[in-house]
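Following: one structure in structure tokens, then a few remarks.
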Amino acid sequence: MKELIEELKSKFKIEEKDNFLIFEKEKIKEIFKFLKEKGFNFLSFITAIHYKDYFEAVYCLRNININEIIFLKTKINENEEIESLCEIYKGANWMEREIYDLFGIKFKNHPDLRRILLPEDYEGHPLRKDFRIDTPYKNWR
Amino acid sequence: MNALINSLIYGIVILLIVFTIVAYLTWIERKFAGRMQSRIGPYYVGRPHGWLQPLADVLKLILKEEITPKNVDKLIYNIAPFVVLIASLLLFAVLPFSEKIIISNSSIGVLIFLAISSLIIIGGFMAGWASNSKYPLISAIRGGAQIVSYEIPLLFSIIVPCIIAGSLNPIEIVKAQKIWFILYPVIGQISFLIFLISGLAEENRTPFDIPEAESELVAGFTVEYSSMKFAMFYAGEYAHLLALSGLGTILFLGGWKGAFLPGSLWFAIKSIILFLILLWIRWSYLRVRIDQLLKFSWKFLFPISVLNILLAGLIVILK
Amino acid sequence: MVKALYITLKNLFRKPVTVMYPDKKREIPNRMRSPLFALTKDEDGVIKCIACKLCENICPSNVIKVIPSKEKNEKGRPYPEEYELNLSACLACEYCVQVCPNDAIVMIRIFGWATKNKEDLILRKEKLLENYEKYKDLISECTGEFLRKMQTPRR
Amino acid sequence: MEINRVESNGFEELWVNMGPQHPASHGVFRMQIKVDGEVIKEVIPHIGYLHRGVEKLGEFLTPVQFLPVLDRNDYLSSVSNEFPFALAIEKLANINVPERAEYLRVIAAELMRISSHLVFFGTFCLDMGGALGGGSTIFLYAFREREKILDIFEKWTGSRMHLNLITFGGVRYDIYPGFDKDLKDFLKDFENKIKEYEDMIENNPVFLARTKKVGILPKEIAMEYGCSGPVLRGSGVKFDLRKAKPYSVYNKFEFEIPSFPDGDVYSRYKVRILEMKESIKILRQAIEGIPSGPINSLMPVKVKTSIKLKEGEVYEAVESPRGENGVYIVSDGRFGLYRVKLRTPTFYNLSVIPYLLKGALIADVVAILGSLDPVFGDVDR
């Protein structure tokens, strides 16, 4: 496990900060392809956190054979896009749709980027910090 | 003229009896299923056994608002429940309740029974088509496929007693049964089993309730029906089931024959026992899938029933 | 295949487990949490609530509103001028009961309490006191005192 | 006479809308299905009918207040929702839990697992057999036993489903006198009943034909989609967080992880049945070994801000009846939480539905959907 992290650090310029590996979002595809080859083929979840002016996307991977879990993080600025993982992990489809729905982060090359939990005509992205919870839903009947 | 009046009177009386029995069959079924499922079943209407439940059901169904969807094919939509109900009730015309009590004593009674019984699914198909809705349509198509494949084993299983008895007249068949036909070695049991299975399939009952599969197709061809029209389907189904148990009694269980009690009572008792067996099967098994059902029919039931007929023919010739 | 038939037959002769509800009623356990509340009174008939607002503070769905009185009552305690509990959003989590220092708010063990009127779901002070008189015997075993005693680590 | 035609996009194919109100949709789930005859060509699932914004709510409520809200997430196994959240908060705030409380948590979680799997078993058979047939019989048998579990919970915590049992540093309710006997009686009775369930359907060729080799989910696909719990174990991966990363006191108990390599509906069903048996084993050991002592290490909660959190990020997961139920918390050192991510298992389990349904028959839809055991409070949050 330690060797793997060392290898990641040297290959993709990944930093380690309390259990989270922080990577640059341009390299996302190579990193995840590499990790998948190393046996991290269980995509546990993807999520995001909204800070005042940027987002953090969090990826959680598991390797079931050696029973290890790995957390990866990347920074996405407002109005920036990130590459979709759907080609590597098929399950990323719904997870990324959920993030798009709740945060408004757009994923490049996503096959089907629609809202998933909220109605199609909903305005705003509720998990952003600037979202007001008393925002009315316009098309409410 | 006399015969006509006779059959008219019998017809009306039997119709009334059948309606009451059908209403109370629902009560029996619900009570029986309830106890089977560790429940009590009908309870409140007519405490403590829910005696008045069928009455309340009928009243409720009559008083309910009838909703006709906008885009249905009005004519066929309205005819369909009548087709089902009338065809189901017509079946009783050829069933002898005892040696004397029969509405229409025809020499090809069993054949008439089969002919009318396959009319019922046409009612279902009409309902499914005319509803102009997707679930009923799929249901109707499924129903058609199912009936086509199960009519044949049913027919073949019914032919066997007819061959042995040498007649298509129900009264003659009963008379010919010195012992109950179900006790007839090998062919009796085989054809009874085939009759039971394909009867269930013909009747759209679990495990063969594919056209009505409520977890898949909501309620099959009755999705768009409400109120009294739905009740007609319901009553038709039960009347059909009762008639089928009646036919089974006549063909396999010796009809009205029995000691001590009057014939018609024996007939009723046997039919209801057969009905309960059908219920027992219904409340114990899961549903099969349409392709498995068709495969089962064509690859298993059909060859066996053909062999069975051959065997019956051989027996008759050798005698 | 035949086993299934045998099992259903076996169950046919078992006793049904249904409790026919309005005719026979189930035994209600001592700790039952049903969302109906009462404000208790002490032995002299004075409201126990001291309007400390702890329940209002902890309620996850913000359904409790307490307005404390300006003056004190005959026992020298503050009391709530108004007490409002909106049952329509109550989670029945029993936090309010747990934090109440005086055992003033309690849950009533009652099953099938229902109303046709939405207004009835808002329990005001008068209604809560009336509930206490009405359901005195049905008060849940879990009062604030009881819950805290159960949870306190014995040191 | 004009004959109306059922409208469709083509002559062969028909779009059928299953749900949101459909007898087999286990809640509110809508699928648009393109069928060619009986064969499914394309599926578009729609979720979110039960979206309540629980994650947003978590940012407004304090952890103490958020616990009872979490109960409503996966409403069939409320303890397994509180559990990871409590673990995460305890890790962030450095709270230790007394051993008695750990045992009580495990007992509650395992009882909930049995009750949740009984709901699965009942509804699965209901889907397969229909409300007017053998399915409803099995459904009622399963619920008959579940009722006894709920009665035990009601006596214990006062609530039947939304227990709000777990709190930070322990549990809120101690067991009542006579709990041991109730539980042992139930377990003894339940062991026989499980045999009855198995006899009821597993010898039945109809059931086997409908479940074997239907809805096959290969191991690799299951892992890519993030499926966990019985769905993953049904695909032949022996992964269970109770063994892989033993939380609470699970390392003290002996139990097996059932798994089947086929990945079809039958193996997913069978895994759950065997899991119930394993839960019985765990419960037997737990009830024997339950120590005396306090049930909580903290003083009882007084105000909503009684838990002060460190700054930091924590992910904790437990094995809920449906899979890996995780909570990811970001705290900025205030009393509230900055961000709560609930990794609810059925959201990920359900996302394989388009993969599994392609090429299946209409009748398989209910079997496959039922075998994934979705709870829509859990999917939509």
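Please treat every number below as a calculation from the coordinates, not as lab data. Not measured: the values here are computed from a predicted model. Every residue, glycine among them, receives a Cβ derived from its backbone with ideal geometry; neighbour counts consider all protein chains shown.
Translational D (Stokes-Einstein, µm²/s) of the protein assembly as shown at 4 °C and 1.567 mPa s when Rh comes from the Kirkwood sum over C-alpha pairs?
41
Measuring from centroid to centroid over Cα atoms, what is the spacing of region D:276-334 and region B:176-202 in Å?
Rounded to whole Å, the Cα centres lie 63 Å apart.
Could you sort the peptides D:274-282, C:130-138 by per-residue average Cβ neighbour count (10 Å cutoff), highest mean leading?
D:274-282, C:130-138
Mind pulling the angle between the C-alpha long axis of helix D:134-157 and the longest principal axis of chain D? Nearest 10 degrees, somewhere in 0 to 90.
The angle comes out near 10 degrees.
Give me the Debye-computed log₁₀ of I(q)/I(0) at q = 0.07, 0.11 Å⁻¹ for chain B, equal point scatterers on Cα only, no solvent, two decimals.
Cα-only, vacuum Debye calculation for chain B: -0.28, -0.71.
When the helices in chain B are scored as -39500 (n - 2.57) per DSSP H run of 4 or longer and the sum is shared across all residues, what 222 nm value do you end up with, to the nearest 500 deg cm²/dmol?
When only DSSP H runs of four or more count, the value is -22500 deg cm²/dmol.
What order do you get for D:253, D:124 when you list them from fewest to most C-beta neighbours inside 10 Å?
Lowest count first: D:253, D:124.
Please rank B:209, D:373, fewest neighbouring Cβ atoms within 10 Å first, as an exposure proxy.
On the way: B:209 22, D:373 29.
Least crowded to most crowded, the residues run B:209, D:373.
Go from 0 up to the bin containing the longest alpha carbon distance in region C:1-79, width 5 Å each, and give me the % of pairs per bin.
Taking every Cα pair in region C:1-79, the percentages come to 3, 10, 11, 12, 11, 9, 8, 7, 6, 5, 5, 5, 4, 3, 1, 0.
Looking only at B:201, B:56, B:176, which one moves most when chain B is put into a Gaussian network model with springs between Cα atoms under 10 Å?
Between B:201, B:56, B:176, it is B:56 that shows the largest mean-square fluctuation.
Could you tell me what percent of the DSSP beta bridges with both partners in chain A are antiparallel, to the nearest 5?
75
Stokes-Einstein at 10 °C, 1.306 mPa s, Kirkwood radius from Cα pairs: D for chain D in µm² s⁻¹?
The Stokes-Einstein estimate is 73 µm²/s.
What nm distance separates the two modelled labels at residue C:24 and residue A:33, each placed 7 Å from Cα along Cα→Cβ?
7.0
Region B:55-113: Rg/Rh from Cα coordinates, Kirkwood Rh?
1.18
Would you compute, from DSSP H runs of 4+ residues alone, the mean residue ellipticity of chain A at 222 nm, taking -39500 (n - 2.57) per run and dividing by the full residue count, rounded to the nearest 500?
So the calculated ellipticity at 222 nm is -7000 deg cm²/dmol.
Give, rounded to the nearest 20 debye, the magnitude of the charge dipole that chain D has about its Cα centre when Lys and Arg contribute +1 at Cβ and Asp and Glu contribute -1 at Cβ.
880
So for C:70, D:252, fewest C-beta neighbours within 10 Å to most, what's the order? Walk me through the numbers on the way to the answer.
On the way: C:70 6, D:252 15.
Placing the least packed residue first, the sequence is C:70, D:252.
Using alpha carbon coordinates only, what is the Rg to Rh ratio of chain A, with Rh defined as the Kirkwood radius?
1.01
Using the alpha-carbon centroid of each, what span in Å lies between region D:170-218 and region D:63-111?
23
Averaged over peptide D:190-196, how many Cβ atoms belonging to another chain are found within 10 Å of each residue's Cβ?
What the average comes to for D:190-196 is 1.
Hey, what angle do you get for helix A:2-12 against the long axis of chain A, alpha-carbon based, 0 to 90 degrees rounded to 10?
It is inclined by approximately 70 degrees.
In nm, to one decimal, how far is the residue C:89 label point from the residue D:219 one, both placed 7 Å along Cα→Cβ?
About 5.0 nm, to one decimal.
Which Cys in the protein assembly as shown stand alone, with every other cysteine's Cβ at 4.7 Å or more from theirs?
A:60, A:86, B:162, C:49, C:52, C:59, C:90, C:93, C:100, C:142, D:125, D:227
Please work out the C-alpha center-to-center distance from region C:1-53 to region B:38-84 and express it in whole Å.
33
Of all DSSP beta bridges located in the protein assembly as shown, what percent are antiparallel, nearest 5? The partial results should precede the final answer.
On the way: 66 of 73 bridges.
Counting only bridges with both partners in the protein assembly as shown, antiparallel ones make up about 90 percent.
So between residue D:288 and residue D:334, what do we pick up on full extension, going 0.36 nm a residue minus the alpha carbon distance?
Extra length from residue D:288 to residue D:334 when fully extended: 12.4 nm.
Please report the antiparallel percentage of the DSSP beta bridges confined to chain D, to the nearest 5.
100
Relative to the longest principal axis of chain C, what angle (0 to 90°, nearest 10) does the C-alpha long axis of helix C:2-12 take?
The angle comes out at about 50 degrees.
Dividing the alpha-carbon radius of gyration of region D:179-329 by 2.2 N^0.38 Å (N being the number of residues), what value is obtained?
1.30
What Kirkwood hydrodynamic radius, in Å, does region C:30-151 give when the mean of 1/r is taken over all pairs of distinct Cα atoms and then inverted?
14.4
Which one, C:115, C:143, C:18, has the greatest fluctuation when you compute a Gaussian network model over chain C with C-alpha springs under 10 angstrom?
C:18
Using the scaling law 2.2 N^0.38 Å as the reference, what is the normalised Cα Rg of region D:147-197?
1.30
Put a dot 7 Å past each Cα toward the Cβ at residue C:122 and residue A:68; how far apart are the dots in nm?
The modelled label-to-label distance comes out at 6.0 nm.
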